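Chemist: One structure, pasted below without further comment.
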There are 2 protein chains.
Amino acid sequence: MHIKINDLLSMNERYRATLINSLAGYKTAVLIGTQSKTGQTNLCIFNSLIHLGANPALFGLIFRPKSEERDTLRSILETGYYTLNYVSSDLYKQAHQTSARYDNNQSEFAEVGLNEEYLPEFEAPFVQQAVVKIAMKLEEKIELKINGTSLVIGSIQDIIFDERTLSKDGFIDLTQLNTLGCIGLDAYFNSTLLSRLNYAKPGERTTEIDL
Amino acid sequence: MHIKINDLLSMNERYRATLINSLAGYKTAVLIGTQSKTGQTNLCIFNSLIHLGANPALFGLIFRPKSEERDTLRSILETGYYTLNYVSSDLYKQAHQTSARYDNNQSEFAEVGLNEEYLPEFEAPFVQQAVVKIAMKLEEKIELKINGTSLVIGSIQDIIFDERTLSKDGFIDLTQLNTLGCIGLDAYFNSTLLSRLNYAKPGERTTEIDL
């Protein structure tokens, strides 16, 4: 099948959104936890986590135009702090349900049945059931003029996870944690580790890292 | 295990890079095909594909600082065109091998044993063996001042894939294509579709999309 740009331009809007979102491929399903200045907690699933650098350790998130009107981005900008939570794949329905448009005074934690958990001196809530929990500090928000989306850059403050999944070289095996993955706006997948490969060099055969 | 920001700051650089890259989660392994002005083709694996919007259909890629010195980004900036290629997971060794630092006059296509394929009037090479092929046009390069990385934004021109994986609502099932996924810099995974879920609404039970 060959879809050309003119086909894209004339497509039904919802069909195109489903097509292009799924085409963007595998993502980790990330639950973003926030708390507003008035103390209202919020939890929402995102699929746009980006690695920007390890030193300093920076992750980015893409927000759609006008996301400031919605709870998650508003609380991030108000307080400067948020959490990233990865859940195991058996929680995929609860994770997806956080995408529903609850009222501002409703917390998705209670609504979908996930528990809040806190670190001392860090106001944003974690998901107690999460297998990986990351505390983030807002660094910068960059609006992309081309389509009005925003790139929100944050620095990693804390990482909490099961150390049995940590290799001696620093690799965290998300497949072993059964971490939920997502494709597009509504598809969820399980993963199985195939292999880790050694640093590739010209003219040498690719070899596997001994796990 | 609880890693704090001071632990991150004092970590061995390579250990930290492996940790933070793996923590960024699941990605699709994307082979970027380019052709320089002088006709030299190039192929390199990337794990930083980002969905930026469906109308216009925009994907982003993150490049490390000083990537202009390397073939892929230089050719993208020179010509304005590139391809994104997803391969099936049995090609993970060839895909990984494209990350080796070959000389400028060597084409990774030949070196790793993948074939070039072309569309009429589009100069960047596709991977003939790829299960999804996307023709991209450069729109903008934004340097992120915080750490010198670049966000390269391109618009989708053509999408070529097996139509048997296309649902009636526009969803492309990458798991059915056995598309190669990656975590961090050297880990590869297989995926299995768990479910697709209907649009979530407050107070209603999450239901599955009939596949």
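Chemist: Can you work out which of the residues in the range A:108-146 that are of a type in the set (Val, Ile, Thr) and under 30 Å from A:Arg164 (Cβ atoms) is farthest from the chain's Cα centre (by Cα)?
Modeler: Among them, the one singled out is A:Val112.
Chemist: Give me a count of the residues in the range A:156-179 that are at the interface with chain B (Cβ under 8 Å from one of its Cβ atoms), assigned to a loop (DSSP other than H, G, I, E, B) and surrounded by 18 or more Cβ atoms within 10 Å (Cβ to Cβ).
Modeler: The total comes to 5.
Chemist: So A:Tyr118 passes all but one of these: (1) assigned to a loop (DSSP other than H, G, I, E, B); (2) in contact with a strand residue (DSSP E or B) (Cβ under 8 Å, 6 or more places away or on another chain); (3) surrounded by fewer than 16 Cβ atoms within 10 Å (Cβ to Cβ). Which condition number does it fail?
Modeler: In the conditions (1) assigned to a loop (DSSP other than H, G, I, E, B); (2) in contact with a strand residue (DSSP E or B) (Cβ under 8 Å, 6 or more places away or on another chain); (3) surrounded by fewer than 16 Cβ atoms within 10 Å (Cβ to Cβ), A:Tyr118 misses (1) alone.
Chemist: Looking at A:Gln129, A:Gln94, A:Gln106 in this structure, which one is in a loop (DSSP other than H, G, I, E, B), out of contact with any Phe, Trp or Tyr (no Cβ under 7 Å at 6 or more places or on another chain) and modelled with pLDDT of 95 or more?
Modeler: From the options A:Gln129, A:Gln94, A:Gln106, the qualifying one is A:Gln129.
Chemist: Related question: Out of the range A:176-204, which residues are of a type in the set (Ser, Thr, Tyr) and in contact with a helix residue (DSSP H, G or I) (Cβ under 9 Å, 6 or more places away or on another chain)?
Modeler: A:Thr179, A:Tyr188, A:Ser191, A:Ser195
Chemist: Can you pull out every residue in the range A:132-155 that is surrounded by fewer than 17 Cβ atoms within 10 Å (Cβ to Cβ), in contact with a Pro (Cβ under 9 Å, 6 or more places away or on another chain) and of a type in the set (Val, Ile, Thr)?
Modeler: Within the range A:132-155, A:Ile146 is the sole residue that qualifies.
Chemist: More than 7 Å from chain A (Cβ to nearest Cβ) and out of contact with any Ser or Thr (no Cβ under 6 Å at 6 or more places or on another chain): which single residue out of B:Gly39, B:Gly33 fits that description?
Modeler: After ruling out the rest, the residue left standing is B:Gly39.
Chemist: Another one. Would you confirm whether or not the range B:16-30 contains a residue that is more than 7 Å from chain A (Cβ to nearest Cβ), within 24 Å of B:Glu139 (Cβ to Cβ) and either of a type in the set (D, E, K, R) or touching a residue at least 12 places away in the same chain (Cβ under 8 Å) (or both)?
Modeler: Within the range B:16-30 (the criterion being more than 7 Å from chain A (Cβ to nearest Cβ), within 24 Å of B:Glu139 (Cβ to Cβ) and either of a type in the set (D, E, K, R) or touching a residue at least 12 places away in the same chain (Cβ under 8 Å) (or both)), the answer is yes, since at least one residue qualifies.
Chemist: Kindly provide the set of residues from the range A:1-41 that are under 15 Å from the mean Cα position of the chain (by Cα) and of a type outside the set (Lys, Arg), ordered by number.
Modeler: Of everything in the range A:1-41, those that are under 15 Å from the mean Cα position of the chain (by Cα) and of a type outside the set (Lys, Arg) turn out to be A:Asn21, A:Ala24, A:Gly25, A:Tyr26, A:Thr28, A:Ala29, A:Val30, A:Leu31, A:Ile32, A:Gly33, A:Thr34.
The values are calculated or read from the model by the stated rules, or taken from the named source; none is laboratory data. Keep in mind that what you see is a predicted model, and the values were worked out from it rather than measured. Note: ideal-geometry Cβ built from the backbone for every residue, glycine included; neighbour counts use all protein chains shown.
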